[in-house]
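Asker: Please read through the structure below; I'll follow up with questions.
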Amino acid sequence: MINWYGLVSKDLGKLPECIDYYLKQLEEARVEAGLKGNIERNASQIPGVVEHRFNQLQEIEAILEHLNIELRKTRARHYKKFLEAYQRALTSRDAEKYIDGEDEVVVMSQLINEFALVRNKYLGLLKAIDAKQFQINNIVKLRVAGLDDAELYSRNTR
């Protein structure tokens with residue numbers, strides 16, 4: 001497994017590769033979230049799948065925090081520049097408004113937003129895996145109760 005946190009924290013230029021990697025992993029993981037085949041095999045695989053995908057989520061969270069730290073560092077540098085150059089002309093609030101328009105700050109904010117989207121997709125994946133675990137549990141309970149192939153009907157059919 002690639003240590004993306006180490007690579008991205010040393011070189012932000014690796015971020016597009018990192019995003020592509022995690023999006024490909026997400027596509028593979030969607031298959032794991034599905035419920036198909038033997039119930040016992042599905043149930044036995046869930047702990048390993050959860051552990052692997054949760055570890056990936058934690059690495060994504062660490063990279064996202066690193067990007068936020070870099071953004072704060074960039075903002076601080078621009079803040080200092082504005083206050084030194086316009087000591088009496090700008091208030092702190094004015095300087096912050098100008099900082100938000102700086103190209104470097106905008107680009108970092110956009111990178112963070114894009115990477116946060118990857119994180120949110122992984123959160124959705126973990127919810128899907130949790131739902132799969134819940135479904136397996138319910139299917140097992142139904143089988144124990146003797147309802148192997150039950151169907152649901154609505155009383156209010158029109």
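Asker: Scan (1) part of a helix (DSSP H, G or I); (2) modelled with pLDDT of 85 or more; (3) more than 19 Å from the chain's Cα centre (by Cα) for the single condition HIS66 breaks and write down its number.
Answerer: (3)
Asker: Now a separate question. Which count do you get for residues in region 115-129 that are surrounded by 13 or more Cβ atoms within 10 Å (Cβ to Cβ) and either more than 10 Å from the chain's Cα centre (by Cα) or aromatic (Phe, Trp, Tyr) (or both)?
Answerer: Residues flagged as surrounded by 13 or more Cβ atoms within 10 Å (Cβ to Cβ) and either more than 10 Å from the chain's Cα centre (by Cα) or aromatic (Phe, Trp, Tyr) (or both) within region 115-129 amount to 4.
Asker: Take the residues in region 86-109 that are over 25 Å from the mean Cα position of the chain (by Cα) and polar (S, T, N, Q), then tell me which one is farthest from ILE129 (Cα to Cα).
Answerer: GLN87
Asker: Another question about this same structure. Can you tell me which residue among GLU61, GLU32 is of a type outside the set (Ser, Thr, Tyr), modelled with pLDDT of 95 or more, assigned to a helix (DSSP H, G or I) and in contact with a Lys or Arg (Cβ under 8 Å, 6 or more places away or on another chain)?
Answerer: Answer to the selection: GLU61.
Asker: For region 17-48, which positions are hydroxyl-bearing (Ser, Thr, Tyr) and either at positive phi or touching a residue at least 24 places away in the same chain (Cβ under 8 Å) (or both)?
Answerer: Once the filter is applied, which keeps residues that are hydroxyl-bearing (Ser, Thr, Tyr) and either at positive phi or touching a residue at least 24 places away in the same chain (Cβ under 8 Å) (or both), region 17-48 yields only TYR22.
Asker: Okay, next question. What are the residue pairs meeting all of these: first residue in region 51-63, first residue over 14 Å from GLN25 (Cα atoms), second residue surrounded by 14 or more Cβ atoms within 10 Å (Cβ to Cβ) and hydroxyl-bearing (Ser, Thr, Tyr), Cβ atoms under 6 Å, and 6 or more apart or on different chains?
Answerer: ALA62/TYR5; ILE63/TYR5
Asker: Given (1) crowded, with 16+ Cβ neighbours inside 10 Å; (2) in contact with a Phe, Trp or Tyr (Cβ under 9 Å, 6 or more places away or on another chain); (3) touching a residue at least 24 places away in the same chain (Cβ under 8 Å), where does SER9 come up short, assuming only one miss?
Answerer: (2)
Asker: If the Cβ limit is 8 Å and pairs must be 6+ apart or interchain, which residue in region 85-101 that is under 12 Å from ARG75 (Cβ atoms) pairs with which residue that is among the hydroxyl-bearing types (Ser, Thr, Tyr)?
Answerer: So the pair list comes out as ALA95/TYR79; ALA95/TYR86; GLU96/TYR79; ILE99/TYR79.
Asker: For region 30-77, which residues satisfy the criterion of being closer than 16 Å to ALA131 by Cβ, basic (Lys, Arg) and crowded, with 16+ Cβ neighbours inside 10 Å?
Answerer: Residue satisfying the conditions is ARG53 alone.
Asker: I want to confirm something. Restricting to region 86-114 and keeping residues that are modelled with pLDDT under 95 and among the acidic types (Asp, Glu), which single residue is surrounded by the most Cβ atoms within 10 Å (Cβ to Cβ)?
Answerer: If we take residues in region 86-114 being modelled with pLDDT under 95 and among the acidic types (Asp, Glu), then GLU102 is surrounded by the most Cβ atoms within 10 Å (Cβ to Cβ).
Asker: Against the definition (at pLDDT 95 or above and either over 24 Å from the mean Cα position of the chain (by Cα) or assigned to a helix (DSSP H, G or I) (or both)), how does LEU83 come out, yes or no?
Answerer: So LEU83 fails the test.
Asker: Then there's this: Here are some residues: ASN42, ASN38. Which one is modelled with pLDDT under 95, closer than 30 Å to ARG143 by Cβ, in contact with a Lys or Arg (Cβ under 9 Å, 6 or more places away or on another chain) and not β-branched (Val, Ile, Thr)?
Answerer: Just a single option satisfies the conditions, and that option is ASN42.
The values are calculated or read from the model by the stated rules, or taken from the named source; none is laboratory data. Please read these numbers as outputs of a predicted model, since none were measured by experiment. Backbone-built Cβ (ideal geometry, glycine too); neighbour counts: all protein chains shown.
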